[in-house]
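Notes to accompany the following structure.
The values are calculated or read from the model by the stated rules, or taken from the named source; none is laboratory data. The model shown is predicted, which means the values in this text are computed figures rather than measured ones. Counting neighbours? That spans all protein chains shown, and the Cβs are built from the backbone with ideal geometry, glycine included.
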Amino acid sequence: MELSATVLATACLLVLSLSISDAWLFWRSYPSAKADGKAVDPNCVALAKAGSCEFYPCFEDRLRCGRKWYNVRYGEPYCRDFTAFRERFSLLGQKFINASEPCIANELLSWYKRDRINCHDYTHFAFKALSRCYMRSGFCEAIRSDLINFMTIYRPKHLFSLGALKIWREILRIVNFCDPKAVKYVINAFWESIKE
Ligand SMILES: *[C@@H]1O[C@H](CO)[C@@H](O)[C@H](O)[C@H]1NC(C)=O
């Protein structure tokens with residue numbers, strides 16, 4: 001009873017805050033990033049292929065969207081956290097990390113190679129790429145074997161910022177796709193992890 005109330009409250013909070021943030025953003029103009037003649041750096045391409053977190057600052061060096069958008073707000077910090085905590089993950093979890101990071105970076109390459117990008121559209125694309133790559137890299141299995149480890153990654157920093165909610169909406173969407181029954185365990189683990 002208590003659990004389902006919490007689950008419901010969390011779901012409402014997510015939906016509400018996201019519709020507010022989307023409506024809010026709708027009225028603002030989205031910034032673009034321009035390469036201004038800066039060439040595609042083969043080193044950045046190599047970093048993406050290797051799944052290195054250095055790809056994100058390398059991307060920003062050519063097309064700078066800044067701290068509100070995917071590379072700085074999500075791509076690099078989550079990549080660094082996954083890499084830093086990799087050893088704690090089970091073998092399945094490590095396989096997931098090793099496969100998903102290069103997968104996402106490779107999908108982002110087509111945007112890196114453009115001469116101008118709309119930062120909002122890019123962030124939207126990057127989240128879609130993240131979902132696709134999570135599914136392809138064994139997220140459904142890894143979230144079972146490493147639930148607590150995933151919470152360590154997704155929990156701390158900017159818990160109630162719009163950024164964290166966007167990640168959470170995506171994670172819950174993917175978990176629901178993996179197994180609708182697993183959603184409540186993930187939400188419960190989320191609340192447990194904030195209590196600490
Ligand atoms: C993941 O990648 C790291 C670093 O390249 C490597 O040491 C580790 O063996 C890989 N783990 C798995 C399970 O593939």
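When the helices (runs of 4 or more DSSP H) confined to region 58-138 are screened for residues that are closer than 19 Å to LYS38 by Cβ and away from the ligand (no atom under 15 Å from the Cβ), those reaching at least 2 such residues are found at 91-112, 119-136. Does VAL7 meet the test of being more than 16 Å from PHE125 (Cα to Cα), of a type outside the set (Phe, Trp, Tyr) and either modelled with pLDDT of 95 or more or not in a helix (DSSP H, G or I) (or both)? For VAL7, the condition - more than 16 Å from PHE125 (Cα to Cα), of a type outside the set (Phe, Trp, Tyr) and either modelled with pLDDT of 95 or more or not in a helix (DSSP H, G or I) (or both) - is not met.
Which residue pairs have Cβ atoms under 6 Å apart, sit 6 or more places apart or on different chains, and have a first residue in region 76-88 that is in contact (Cβ under 8 Å) with a residue 60 or more places away in the chain and a second that is within 15 Å of the ligand (Cβ to nearest atom) and assigned to a helix (DSSP H, G or I)? Listed by first residue and then by second, the contacts come to PHE82/ILE97; ARG88/ASN149. Is it the case that CYS79 is touching a Pro at 6+ places or on another chain (Cβ under 7 Å) and modelled with pLDDT of 95 or more? Taking the combined requirement at face value, the residue does not satisfy it.
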